[in-house]
1. What about residue 152, is it modelled with pLDDT under 90 and either in contact with a strand residue (DSSP E or B) (Cβ under 8 Å, 6 or more places away or on another chain) or farther than 23 Å from residue 225 by Cα (or both)?
2. Sort out which residues of the range 208-231 are assigned to a loop (DSSP other than H, G, I, E, B) and more than 16 Å from residue 165 (Cβ to Cβ), and write them in order of number.
3. If you check 104, 122, which single one turns out to be modelled with pLDDT of 75 or more, under 25 Å from residue 249 (Cα atoms) and in contact with a helix residue (DSSP H, G or I) (Cβ under 7 Å, 6 or more places away or on another chain)?
4. Checking the condition on the phi > 0 side of the Ramachandran plot, crowded, with 20+ Cβ neighbours inside 10 Å and modelled with pLDDT of 85 or more, which residue from 227, 231 passes?
5. Looking at (1) assigned to a strand (DSSP E or B); (2) surrounded by fewer than 16 Cβ atoms within 10 Å (Cβ to Cβ); (3) in contact (Cβ under 8 Å) with a residue 60 or more places away in the chain, can you tell me which one residue 173 breaks?
6. When residue 220 is evaluated against the numbered criteria (1) within 21 Å of residue 120 (Cβ to Cβ); (2) at pLDDT 80 or above, which criterion, by number, is the only one it fails?
7. Give me a count of the residues in the range 183-205 that are touching a residue at least 60 places away in the same chain (Cβ under 8 Å), within 23 Å of residue 28 (Cβ to Cβ) and out of contact with any helix residue (DSSP H, G or I) (no Cβ under 6 Å at 6 or more places or on another chain).
8. Please count how many residues of the range 189-207 are part of a loop (DSSP other than H, G, I, E, B) and more than 16 Å from residue 162 (Cα to Cα).
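The values are calculated or read from the model by the stated rules, or taken from the named source; none is laboratory data. Please read these numbers as outputs of a predicted model, since none were measured by experiment. Cβ placement follows ideal geometry from the backbone for every residue including glycine, while neighbour counts extend to all protein chains displayed.
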């Protein structure tokens, strides 16, 4: 940690907007659209992290999120933040991916319990939408960075970690002043920094990770993490201002379950291949 910042908390406080925007460039909200007369039905299914390998582009999310895709006519993405050097989409532009361009891959099927696992992958096949995503967003190279992470045996109780997602609690439907639009829907991605130990359990083919959020210490938390499912657990690798712009964060978990708040504490569960 740079000597100008005595603690990790000081560092996060100083660069929270830059850090948050960097994590959001990898993050999308997954939206299901049903074409029902007279109105569409639009649902926030969850969150996903954009990933790639040498021959693959996709969205890593929770399996219980990815399996919902088949139940909708169209799939949209809430783009959130884009990189400072990337192209911008018009504010009111919908971002739709044709379902024929998506292939849902079950990694670990949801058991509908807190023990997991619950991990899904949506491959984005070659199409115009993928080209646009490449231009406006960032894709985490999961094969390269995961091998580095395992090789270095990263400690889950050191460094700066954060959760990213689109909480449905903050979704707003507003009247539109734009001609031809009755209303628009605003999705608000959130990034919550973690200032306590991450519990880790080896479950054989996957790891189970848990975080306790104390609402007495974290005043800005949403009450319900619905919509956060599929969001990423990220480790920041930057240690100074310059590295905030150049060092790639590490993706180390996917959110899939929230316990009921008990005594001001909410427990969030994540899974990850071991």
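1. Criteria met by residue 152.
2. Hits for the range 208-231 are 215, 216, 217, 219.
3. The match here is 122.
4. Answer to the selection: 227.
5. Result: residue 173 passes all but (3).
6. (1)
7. 3
8. 3
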